[in-house]
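**Student:** Just passing along the structure, written as structure tokens.
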Amino acid sequence: MKEFESDTLSNMQPAADQAFRTDFYFNRPLPETLYALEELSWNFLWSWNAEGTALFRELDPSLWERCEQNPRLLLKQISELRLWQKSLEKPYVARLQRFKIIYNKYIGQQQQSFANITAKNPAAYFCAEFGVHNSLPIYSGGLGILAGDHLKSASDLNVPLVAIGLFYRYGYFRQKIGHDGLQEEKYIDSFDSELAVQPVMGENGERILVTVHIRGREVFAQAWLAKIGRISLYLLDTNVQQNPEVDRLITGHLYGGSTETRIVQEKVLGIGGVRLLRQLGVTPSVFHLNEGHSAFLTLELAREFLESSHDSSFTEAAVAVREQCVFTTHTPVAAGNDVFSTRELRGCFDANFISALKLSEEELFAMGRKYPDDRNEEFGMTPLAIRMCRSANGVSVKHGEVSRNLWLDMFPEAKSPSYVPITHVTNGVHAPTWIAPVFQELYRENIGEDWAQVLRDQTAWASEIEKLSNDDIWKTHLALKHLLIAFIRQRTFAKETGRSDTINEHTNTRKLFSTDILTVGFARRVATYKRWNLLLSDLERLLKMVDDAERPVQFVFAGKSHPQDRGAKRILQDLMSINHNSNWQNRAVFIEDYDQEVAKYLVQGVDVWMNVPRRPLEASGTSGQKAAMNGVLNFSILDGWWIEGYNGENGFAIGDLNEDKDDAVSDARDANSLYSILENEIIPMFYNKEESGLPGEWIRRMKNALATLTPQFSSDRMVKDYIEKIYAKH
Ligand SMILES: *Cc1c(COP(=O)(O)O)cnc(C)c1O
């Protein structure tokens, strides 16, 4: 692997010999008893199956961590001695064979039909990022993970769906915190030959290539296929020989580079994506635009329509396109939506494409404006998507409402926001991915092998959870807490010695954290609206809780800040520099490089998951849903999904539903509420042990969270909602 500094984009041209390696399969001969590992490594199904994951990890546990849980890399690097040792271990080989049978059965099932969604006419799901697993590093955060969970649930429910995204050779940046507390960014070059992606070949045995006209020339993109259970995820990649160097980098970095790079990336995703589906012979019944990045696909569909129906107008084409497209928005503020200046757009769209749409340039630009006649307004992907899709939705009840207000002016005929045709489907998370293996084991023993299906039925699930013993739940939770603390100690152990301890690097980790202490997790992007500073706003009051002799609190933090966001980097620096005569250094840690792997340890192992966004800016939030599924109690502002999830008994609410126009006022009020709920409710309840030695009231809340929140916020429920409310035509 080759590492780059983030700001030296010019250094990032892959050397030609690396870029065009042809050894995409290293056919390493495996011992016969281990043959199955080769096939299993090509499908991400192993990643949401505890046994599948264990089979790879146990091959060589320390190499597994060094390979960052990547089975393709593991099989490439593992020593021959180790391979042959495992191949002669009968119990291991028997487990592998059993898992292969389960795998074959899963993959071999016939696809089902869901009204208009059929194997012949599947749903096509477009997204700029997919967070399937860390070993496919093409995601940055919430949006990508949501898309990954969507694909996994579609696979589990056997929904005919294909997905389209981009293959980012350098992915998203990796975070390191320097000695001065400043975030440093690094990009890591990932080689397709080391990932579970295969080149997509056409009938002639050659790689399939699509072209998109960009900056005055045809740009070529090849496609990679990643298998997500039964779902095919196609990833477009402009790093091909036919392109000049600059075009090869179009799909280089996720959310990197200039706005011009964003436009051309989005052209490859939207326009190239439709062209790829055509080459593959796929005729979707519905195109799902997950966020506006892919909205140019609607223009390509209109162009196709007009090409085959010469006499039609753009208006007629738009009617036909709208019938096929649905849009999900994820941002609750206008500034959060992708916008481009007309000057930049002009440079990226050629006159031929626009005239094929039978539009003038000005008419095209108007499609992306909230107010079509306002020539000063920039071109937004969200207005384009709203105009060109038959359905638009936000990602929680509240976010639906916020979006109706935000886009009200686009619907002059709507008498009030409630008439705006924007609905909602609340986000969910994929239970088998996010529920810890030990909890899955508990469910398997008590509910049965089909626990993940039982989970789809709210009532049946609740009655099963009710039957679990307090002792079992608490023991399972404590095991996860031990695991988290071991992970924290390993991750924060100083790589260099001879310097004072900070909360992200320690020379002696044995003093760090304790399983007996109430543990609060706070991990999210460092953005202003997430209000990282709320907890630190009264340091004295906070440290008093941390230092309490009888009932202390410990905190684990993680999160990346945008490379260009100085304010956010400052927040992190402030957090690192708290150096007080207190236990803070041993009871607060910052885990670098927040990603899916870190997220799993955190959401499964803390006692409390905290979230303090400025209302109503958390469109949904999903990390709290992951925590709830592991019996972790949410302690959150009533915003996004938590407004729907909180029932008074399954976690804690900070503040109330009132909104104040003055940010300073609401920040102060919410900070006070945060501290006093910690002091007066959470801490006493956690430390209040019954005769059995267990915190009875706490476990009662854990059970309530497991029972009520797991089915409601699973991505199985979400995908079903999409099929019934959005994909189906009414
Ligand atoms: C779940 C997840 C997110 C999204 O969580 P939010 O609650 O929306 O902040 C972001 N990053 C990672 C790595 C995650 O696992």
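The values are calculated or read from the model by the stated rules, or taken from the named source; none is laboratory data. Owing to the predicted nature of the structure, the values given are computational and were not obtained by experimental measurement. Cβ: placed from backbone, ideal geometry, glycine included. Neighbour counts: every protein chain shown. Please note that ligands, DNA and RNA were not included when accessible areas were found on the heavy atoms of the full protein model with its side chains. Shrake-Rupley method; radii C 1.70, N 1.55, O 1.52, S 1.80 Å.
**Student:** Could you check the spin-label model distance between Leu539 and Glu38? Points 7 Å from the Cα along Cα→Cβ, value in nm.
**Tutor:** Using points 7 Å along Cα→Cβ, the separation is 6.0 nm.
**Student:** Another one. Output ³J(HN,Hα) for the range 285-292: one whole-Hz value per residue in order, computed from phi by the Karplus curve 6.51 cos²θ - 1.76 cosθ + 1.60 with θ = phi - 60°, and x for Gly and Pro.
**Tutor:** Those phi angles translate into 7, 8, 9, 9, 8, 8, 6, x Hz.
**Student:** Find the Rg to Rh ratio for the range 31-108, where Rh is the Kirkwood radius over alpha-carbon pairs and Rg uses the same atoms.
**Tutor:** The Rg/Rh ratio comes out at 0.93.
**Student:** For the range 224-379, what log10 I(q)/I(0) values come out of the Debye formula at q = 0.10, 0.11, 0.17 1/Å, with one point per alpha carbon and no solvent?
**Tutor:** -0.39, -0.48, -1.20
**Student:** For the range 126-167, take N as its residue count and report Rg(C-alpha) divided by 2.2 N^0.38 Å.
**Tutor:** Working: Rg = 9.8 Å, N = 42, 2.2 N^0.38 = 9.1 Å.
With N residues counted in the range 126-167, Rg over 2.2 N^0.38 Å equals 1.08.
**Student:** Here's a follow-up. Per-residue accessible area for Leu406 at 1.4 Å probe radius, Å² rounded to 10?
**Tutor:** 40 Å²
**Student:** Ok, one more. Which cysteines does the chain leave without a neighbouring Cys Cβ under 4.7 Å?
**Tutor:** Lone cysteines by the Cβ rule: Cys67, Cys127, Cys348.
**Student:** Another question about this same structure. For the range 93-135, what D do you get in µm² per second when you plug the Kirkwood radius from alpha-carbon pairs into Stokes-Einstein at 20 °C and 1.002 mPa s?
**Tutor:** Translational diffusion coefficient: 156 µm²/s.
**Student:** First check a/c for the range 73-115, with a ≥ b ≥ c the square roots of the eigenvalues of its C-alpha gyration tensor; if it is under 1.5, answer rounded, and if not, answer prolate when a/b is larger than b/c or oblate otherwise.
**Tutor:** Taking the square roots of the gyration eigenvalues as a ≥ b ≥ c, the range 73-115 is oblate.
**Student:** Moving to a separate point now. Hey, what number do you get for the chain at 222 nm if only DSSP H runs of n ≥ 4 count, each worth -39500 (n - 2.57), divided across all residues, to the nearest 500?
**Tutor:** So the helix-based figure for the chain works out to -11500 deg cm²/dmol.
**Student:** Here's something else I'd like to know. Before anything else, pin down the relative contact order of the chain: Cα pairs under 8 Å, at least 6 apart, normalised by residue count, whole percent.
**Tutor:** So the answer I get is 12 percent.
**Student:** Right, here's the next one. What length, rounded to one decimal in nm, is gained on full extension from Lys511 through to Ala414, with 0.36 nm per residue of separation minus their alpha-carbon distance?
**Tutor:** Going from the current span to full extension adds 28.8 nm.
**Student:** Another one. Report the Cα-based extents of the chain along its three principal axes, largest first, to the nearest Å.
**Tutor:** Computed over the Cα atoms, the extents are 82, 68, 55 Å.
**Student:** Could you compute the FRET efficiency for Trp84 and Glu184, with r as their C-beta to C-beta distance and R0 at 41 Å, rounded to 0.05?
**Tutor:** Rounded to the nearest 0.05, the efficiency is 0.50.
**Student:** Using the structure shown, list the pairs from Lys120/Lys152; Lys86/Lys560; Lys398/Lys729; Lys176/Lys661; Lys105/Lys626; Lys86/Lys176 with a Cα-Cα distance above 32 Å, or answer none.
**Tutor:** Those over the limit are Lys86/Lys560; Lys176/Lys661; Lys86/Lys176.
**Student:** Leaving out ligands, DNA and RNA, and with a 1.4 Å probe, what % of the accessible surface on the chain is carbon or sulfur?
**Tutor:** Roughly 49 percent of what the probe reaches on the chain is carbon or sulfur.
**Student:** On the principal axes of its Cα set, how long, how wide and how thick is the range 101-218? Give whole Å, largest value first.
**Tutor:** Projected onto its principal axes, the Cα set of the range 101-218 covers 57, 41, 29 Å.
**Student:** Give the ranking of Arg248, Arg669, Arg717 by solvent-accessible surface, highest area first, calculated with a 1.4 Å probe.
**Tutor:** Largest to smallest exposure gives the sequence Arg669, Arg717, Arg248.
**Student:** Here is a further query. Using per-residue counts of other Cβ atoms within 10 Å, averaged over each peptide, order 473-483, 322-332 from highest down.
**Tutor:** Sorting 473-483, 322-332 by mean packing, highest first, produces 322-332, 473-483.
**Student:** Ranked highest first by the average count of other Cβ atoms within 10 Å around their residues, in what order do 367-375, 212-220, 307-315 fall? Walk me through the intermediate numbers first.
**Tutor:** Values: 367-375: 15.6, 212-220: 17.2, 307-315: 10.8.
Order by mean packing, descending: 212-220, 367-375, 307-315.
**Student:** Ok, one more. Show me 395-403, 93-101, 627-635 ranked by packing, highest mean number of other Cβ atoms within 10 Å first.
**Tutor:** On the way: 395-403: 23.9, 93-101: 15.0, 627-635: 27.0.
Peptide ranking by packing, descending: 627-635, 395-403, 93-101.
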